[in-house]
Amino acid sequence: TQIVWRIRGLILQQLWKTQKRTLSIFPAMGSPSLILTFGFIPKPACLQDHILRADQICKGEFLFLNQCMIFQDHSPDWNVSPDKDRLWTYNLNYFEYAYDLLWAYRATEQRSYLDCLIQLVQAWIMQNPFWKPISWNPYTVSKRLIVWTTLLGHLKDDPVFQQRCLGHLLASLFQQADFLARNPEYDIANNHLITNARALIWI
């Protein structure tokens, strides 16, 4: 089964490279109903750490695996691999650093954190319209869906977020969830398949 799904994935990757995909943006029309606020809430003792990391992200500094890269204008190169370390690139596309920006914004109400978060989400959506080996890897999609669904739950009523990001985020969430539902990682199974299922349950 794993061999069959691995071959299927390789074939689909080549087919997807030839396809043009467009993203239908959801119109901004207020907060969607029936969206719950869930996901972990940071402990007060850890809040300052979130703020410090959020400050680094706002400066364009991304630190994973003891390797730091600096990007300008809140627009990272989503395919960059310092020292050819693809795991670094996977971490960049997981988007888990968005938690730091979210908690920093919720704690301080400083717009700079929200602005940075929105710009990063928009940059990813614009620069990753469909299949790329790392940004659209099913495990990467799963990790990002969990983060972005948490963002949606906490920011859905924020007027700035509604106006600037909500429609794009909903459309991208739908596109990524549809992709993941069609491409669970039966070729790897184990923790990857469990994470696929968790992301689909959350979405």
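Which distance in Å, rounded to a whole number, links the C-alpha centroids of the stretch 42-64 and the stretch 68-100?
15 Å
So for the chain, taking the charge dipole from beta-carbon charges (+1 Lys/Arg, -1 Asp/Glu), which of I3, L92, T195 sits furthest toward the positive end?
Result: I3.
Hey, with R₀ at 30 Å, roughly what FRET efficiency would N190 and M69 work out to, going by the Cβ-Cβ distance, to 0.05?
That gives a FRET efficiency of 0.50.
Determine the gain in length on full extension of the stretch D157-D178; use 0.36 nm per residue of separation and subtract their C-alpha separation, reporting nm with one decimal. Display every interim value, and only then the final one.
On the way: separation 21, 0.36 × 21 = 7.56 nm, distance 2.49 nm.
Stretched fully, the D157-D178 segment lengthens by 5.1 nm.
Would you rank I11, I51 by solvent-accessible area, highest first, keeping every protein chain in place and using a 1.4 Å probe?
Of I11, I51, the descending order of accessible area is I11, I51.
Would you count, across the chain, every pair of lysines whose alpha carbons are under 24 angstrom apart, provided the pair is eight or more residues apart or spans two chains?
Close lysine pairs under the 24 Å cut-off: 12.
Based on the Kirkwood radius over alpha-carbon pairs, what is the Stokes-Einstein translational diffusion coefficient of the chain at 25 °C with 0.890 mPa s viscosity, in µm²/s?
138 µm²/s
Given a cut-off of under 8 Å on Cα pairs at least six residues apart, what relative contact order in percent is computed for the chain?
Values: 231 pairs, mean separation 60.2, N = 203.
Result for the chain is 30 percent.
The values are calculated or read from the model by the stated rules, or taken from the named source; none is laboratory data. Not measured: the values here are computed from a predicted model. Positions of Cβ are backbone-derived with ideal geometry, glycine not excepted, and every protein chain shown enters the neighbour counts. Protein only, heavy atoms only, side chains kept; ligands, DNA and RNA dropped before computing areas. Shrake-Rupley method; radii C 1.70, N 1.55, O 1.52, S 1.80 Å.
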